[in-house]
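Novice: Got a structure for you, written out below as structure tokens; questions coming shortly.
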Number of protein chains: 6
Amino acid sequence: MVYITRKEHFNSAHRLFRPEYSDEENLRVFGKCSNPLWHGHNYVLMVTVKGEPDPETGFVMDLKVLSRLIDDNVLQKLDHKNINLEVDFMMGKLASTENLAIGIWDALEPKVKLQGSCLHSIRLEETENNIVEYFGNK
Amino acid sequence: MVYITRKEHFNSAHRLFRPEYSDEENLRVFGKCSNPLWHGHNYVLMVTVKGEPDPETGFVMDLKVLSRLIDDNVLQKLDHKNINLEVDFMMGKLASTENLAIGIWDALEPKVKLQGSCLHSIRLEETENNIVEYFGNK
Amino acid sequence: MVYITRKEHFNSAHRLFRPEYSDEENLRVFGKCSNPLWHGHNYVLMVTVKGEPDPETGFVMDLKVLSRLIDDNVLQKLDHKNINLEVDFMMGKLASTENLAIGIWDALEPKVKLQGSCLHSIRLEETENNIVEYFGNK
Amino acid sequence: MVYITRKEHFNSAHRLFRPEYSDEENLRVFGKCSNPLWHGHNYVLMVTVKGEPDPETGFVMDLKVLSRLIDDNVLQKLDHKNINLEVDFMMGKLASTENLAIGIWDALEPKVKLQGSCLHSIRLEETENNIVEYFGNK
Amino acid sequence: MVYITRKEHFNSAHRLFRPEYSDEENLRVFGKCSNPLWHGHNYVLMVTVKGEPDPETGFVMDLKVLSRLIDDNVLQKLDHKNINLEVDFMMGKLASTENLAIGIWDALEPKVKLQGSCLHSIRLEETENNIVEYFGNK
Amino acid sequence: MVYITRKEHFNSAHRLFRPEYSDEENLRVFGKCSNPLWHGHNYVLMVTVKGEPDPETGFVMDLKVLSRLIDDNVLQKLDHKNINLEVDFMMGKLASTENLAIGIWDALEPKVKLQGSCLHSIRLEETENNIVEYFGNK
């Protein structure tokens, strides 16, 4: 078993808040991340796929194919977008890094499987200091 | 003459657009950066001050003092804010990295001078790949 | 299960040596790291906590709370300190990166548990090239 | 159990191709990586060893010893070399990052074992964005 | 005057040697960089342009335009290529980082000027530790 | 004129203090950097030399020669040492990053000149966030 990782980037706006809370409650729970006028991040995304290298190509998965899957299913939806307002798989969810990593897994996992490959993990860095990793529902 | 640099970070939302343009014109000129629902960045800010080291302290300027000046006059206004809507020194200006670097210089230069020090440059990284540097009006 | 990581930094002095060895023996076993007049590092610390995201907040653990726990229980004791002489949880131990990572785990794990969360790993980078990871006593 | 990692670098030329393919077929399967006149990379190698810290030294394994093993068995063979033409453990294999990581594991694992230590993983970064990790034949 | 920088990457093979030298002489002068079977690097390229921000766009130069110029005139020629054998502007020159930076300046400067902008510097990192900067023929 | 830079690293202990001050005064002026039991850093050193590339080698200066000069005259004296107690060119000086950069310039400049080359700058990073640059006495 070999693990290959593709690193990508996207830049988005978001806000942490619950609509049923007042602005004061949101500020108390989510701090400055609850700013109603939004803030944003340069997210770093690392997608890891596992498998045996193909004897014909030496590849676990062609990284050009993986990169295109990420672009079509994740980056096109997130890059230069508002995570709360524009991303189909985040509708109605809190836009925390944890939920975003799970959302990216759910958007990408069936597409990777369709290629005959196996998604291992989603690593998402909101800032250099705040990092989330998700290995699927297990 | 010795140059000292303090590196800081802030996370903001912004949008590149001209209010007198239609959405289509803004899209043509500013691309996906014109998204009306905002996007954002982890900005990296490097503030450089120049001078002779003080014989008593060995410092060109106490970096704790410089860091506090940056925090009070720049980070408090920009971090987790919307650059277009909430930052006094960016009101009515295009929120390009160039204009933001100039705005930070103008906000910080008089405060550094009040401390008896000399601001040399503002370096602002919008992403790892897009960087602006400004040395004042000269 | 989702894994969240908070990255922090501290700068300390230390020395690798056994008090019952002569300086020559210490030099033979520990090389230049045994310098009796100390040397130091910018340590990078990555603390990983695991759990289910809270449905109310979207957080596995509030990173502001985790950051405060790390500050109170680890950084206050280590930052700008001498690891051999000043750090309670390193007294009488060799100040290797391995032992320091274990010491940080032992200092932090009960505090994380008190918050209802579960510490997963301590990653400690002494230099860019020398890295230790510890997952607890298992 | 503690995991220690040593990071090293090497710069090599390589080419992805199958000798039985035409240049056109190689281009179709391997893209610009199949250029018959070679290209190259600054590879980043991270070697992780696991074990209990030695009570006498505080070390899982002396990183100077590990670094020397990597230099003798991996870097001397790969650094400033042509991976396809000059590296004994890559002869007759596709020079993919996956196969190179496996080859480095196979070259290093017996040498680490001879020191009484246990190799845990080989992490190989071909570029900042393309990363492979291998944990041995399991 | 504001300075904007675009960072790009390319991966190439090269060799340092003089054709009129024997292999031994080349080895003596250029060390392992003279390997006749090539080696390679992940080059990091930083292109800096200077000027006044356009009052209409806030840009010194549209970084999408600059990025396209770099791609057309530099990356297409260098990426996944052999610098000694395939790059028109390096023919007959020693493939040192210094000469490559000058070659990139000469290839790019007229194209930047045609856009009405002013090239300020080429910064080229062969490795993290070996860096060249060129400001044109002055 | 081309500028070449060599990046090196060293790890040292130091303390900011004036011997004629009390511990309280030192704490007031230098903060936690005045800890009498020392602390330390992973310093990053970037040495820049300028000149015309030699037509025979394509080099402004052979970086292997520059690296050896830095090792002999700077790293041997600073790496794994106490800057206040063991470094000849820092004796009797405040161990600030500013003074250390000047000290490194003074130690290195005559050696670079002896090689027929011209030192341009010393850049010294005490931490990722605190950086000093010195261009000589002008």
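The values are calculated or read from the model by the stated rules, or taken from the named source; none is laboratory data. Quick caveat: nothing in here was measured; it's all calculated off a predicted structure. Glycine also receives a Cβ, built like all others from the backbone with ideal geometry; neighbour counts cover every protein chain displayed. What goes into the accessible areas is simple: the full protein's heavy atoms, side chains included, and nothing from ligands, DNA or RNA. Shrake-Rupley method; radii C 1.70, N 1.55, O 1.52, S 1.80 Å.
Novice: Which one of the conditions (1) open to solvent by 50 Å² or more (accessible area, probe 1.4 Å); (2) on the phi < 0 side of the Ramachandran plot does B:Gly92 fail to meet, given that it meets all the rest?
Specialist: Failing condition for B:Gly92: (2).
Novice: Same structure again: Residue pairs, Cβ under 8 Å, 6 or more apart or interchain, first in the range E:51-74 and more than 16 Å from B:Ile131 (Cα to Cα), second polar (S, T, N, Q). List them.
Specialist: These pairs meet every condition: E:Thr57/B:Ser96; E:Leu69/E:Gln115.
Novice: Hey, among the residues in the range D:3-60 that are polar (S, T, N, Q) and in contact with a strand residue (DSSP E or B) (Cβ under 9 Å, 6 or more places away or on another chain), which one's nearest to A:Thr57 (Cα to Cα)?
Specialist: D:Asn35
Novice: Considering (1) surrounded by fewer than 22 Cβ atoms within 10 Å (Cβ to Cβ); (2) within 24 Å of A:Trp38 (Cα to Cα); (3) among the charged types (D, E, K, R), say which one B:Glu109 fails and leave the rest.
Specialist: (2)
Novice: Does the range E:1-10 hold any residues that are out of contact with any Phe, Trp or Tyr (no Cβ under 7 Å at 6 or more places or on another chain) and open to solvent by less than 30 Å² (accessible area, probe 1.4 Å), and which are they?
Specialist: E:Ile4, E:Thr5, E:Glu8
Novice: A further question on this structure: Suppose the filter is without any contact (Cβ under 8 Å) to a residue 24 or more places away in the chain, touching a Gly at 6+ places or on another chain (Cβ under 9 Å) and either in a loop (DSSP other than H, G, I, E, B) or not hydrophobic (A, V, I, L, M, F, W, C) (or both); does C:Lys32 pass it? Show your work before the answer.
Specialist: Numbers: without any contact (Cβ under 8 Å) to a residue 24 or more places away in the chain: yes; touching a Gly at 6+ places or on another chain (Cβ under 9 Å): no; either in a loop (DSSP other than H, G, I, E, B) or not hydrophobic (A, V, I, L, M, F, W, C) (or both): yes.
For C:Lys32, the condition - without any contact (Cβ under 8 Å) to a residue 24 or more places away in the chain, touching a Gly at 6+ places or on another chain (Cβ under 9 Å) and either in a loop (DSSP other than H, G, I, E, B) or not hydrophobic (A, V, I, L, M, F, W, C) (or both) - is not met.
Novice: Six or more apart or on different chains, Cβ under 6 Å: which pairs go from a residue in the range C:106-121 that's basic (Lys, Arg) to one that's in a helix (DSSP H, G or I) and surrounded by 14 or more Cβ atoms within 10 Å (Cβ to Cβ)? Could you list them?
Specialist: C:Lys111/C:Leu69; C:Lys111/C:Asn73
Novice: While we're looking at this one, here's another question. Anything in the range F:42-56 that is assigned to a loop (DSSP other than H, G, I, E, B) and either surrounded by fewer than 17 Cβ atoms within 10 Å (Cβ to Cβ) or more than 9 Å from every other protein chain (Cβ to nearest Cβ) (or both)? List them, or say none.
Specialist: The first filter runs over the range F:42-56 and keeps only residues assigned to a loop (DSSP other than H, G, I, E, B), leaving F:52-56.
Across the range F:42-56, the qualifying residues are F:Glu52, F:Asp54, F:Pro55, F:Glu56.
Novice: For the range D:117-128: of the residues being open to solvent by less than 60 Å² (accessible area, probe 1.4 Å) and under 18 Å from E:Ala13 (Cα atoms), which is nearest to the other protein chains (Cβ to nearest Cβ)?
Specialist: Per the criteria, the residue is D:Thr127.
Novice: Then there's this: Do you know which residues across the range B:54-89 are under 25 Å from B:Gly116 (Cα atoms), among the aliphatic types (A, V, I, L, M) and in contact with a Lys or Arg (Cβ under 6 Å, 6 or more places away or on another chain)?
Specialist: Within the range B:54-89, B:Leu63, B:Leu66, B:Leu69 meet the criteria.
Novice: Of the conditions (1) surrounded by 22 or more Cβ atoms within 10 Å (Cβ to Cβ); (2) more than 10 Å from every other protein chain (Cβ to nearest Cβ); (3) not hydrophobic (A, V, I, L, M, F, W, C), E:His39 clears all except one; give me its number.
Specialist: Of everything listed in (1) surrounded by 22 or more Cβ atoms within 10 Å (Cβ to Cβ); (2) more than 10 Å from every other protein chain (Cβ to nearest Cβ); (3) not hydrophobic (A, V, I, L, M, F, W, C), E:His39 misses just condition (2).
Novice: Additional query: Just give me the residues in the range B:64-89 being open to solvent by 40 Å² or more (accessible area, probe 1.4 Å) and within 9 Å of another protein chain (Cβ to nearest Cβ), in sequence order.
Specialist: B:Lys64, B:Lys81, B:Leu85, B:Glu86
Novice: Tell me yes or no: at least one residue of the range A:17-28 is in contact with an Asp or Glu (Cβ under 7 Å, 6 or more places away or on another chain) and of a type outside the set (Asp, Glu).
Specialist: no
Novice: So, one more: Could you check, for the range C:88-110, whether at least one of its residues is basic (Lys, Arg) and modelled with pLDDT under 95?
Specialist: Taking the range C:88-110 first, the residues basic (Lys, Arg) are C:93.
Of the ones still in play, those that are also modelled with pLDDT under 95 are none.
Within the range C:88-110, none of the residues are basic (Lys, Arg) and modelled with pLDDT under 95.
Novice: Something else: Which ones in the range B:22-36 are facing chain A (nearest Cβ under 10 Å), surrounded by fewer than 21 Cβ atoms within 10 Å (Cβ to Cβ) and not basic (Lys, Arg)?
Specialist: B:Gly31, B:Cys33, B:Ser34, B:Pro36
Novice: When D:Pro19 is evaluated against the numbered criteria (1) surrounded by fewer than 21 Cβ atoms within 10 Å (Cβ to Cβ); (2) not in a loop (DSSP other than H, G, I, E, B), which criterion, by number, is the only one it fails?
Specialist: If we test D:Pro19 against (1) surrounded by fewer than 21 Cβ atoms within 10 Å (Cβ to Cβ); (2) not in a loop (DSSP other than H, G, I, E, B), just (2) comes out false.
Novice: Look through C:Ile131, C:Ile102 and report the one residue that is within 14 Å of chain D (Cβ to nearest Cβ), open to solvent by less than 20 Å² (accessible area, probe 1.4 Å) and of a type in the set (A, V, I, L, M, F, W, C).
Specialist: Only one candidate passes the filter, namely C:Ile131.
Novice: Separate question: Scan the range C:76-121 for residues that are of a type in the set (A, V, I, L, M, F, W, C), within 26 Å of C:Pro53 (Cβ to Cβ) and touching an Asp or Glu at 6+ places or on another chain (Cβ under 7 Å) and jot them down.
Specialist: Residue satisfying the conditions is C:Leu119 alone.
Novice: Need the failing condition index for F:Ile122 against (1) in contact with a Lys or Arg (Cβ under 6 Å, 6 or more places away or on another chain); (2) within 17 Å of F:Tyr3 (Cβ to Cβ), just the number.
Specialist: For F:Ile122, the exception is condition (1).
Novice: May I pose another question? So B:Leu114 ticks every box in (1) away from chain A (no Cβ under 14 Å); (2) out of contact with any strand residue (DSSP E or B) (no Cβ under 6 Å at 6 or more places or on another chain); (3) of a type in the set (A, V, I, L, M); (4) open to solvent by less than 50 Å² (accessible area, probe 1.4 Å) but one. Which box is left unticked?
Specialist: Failed condition: (4).
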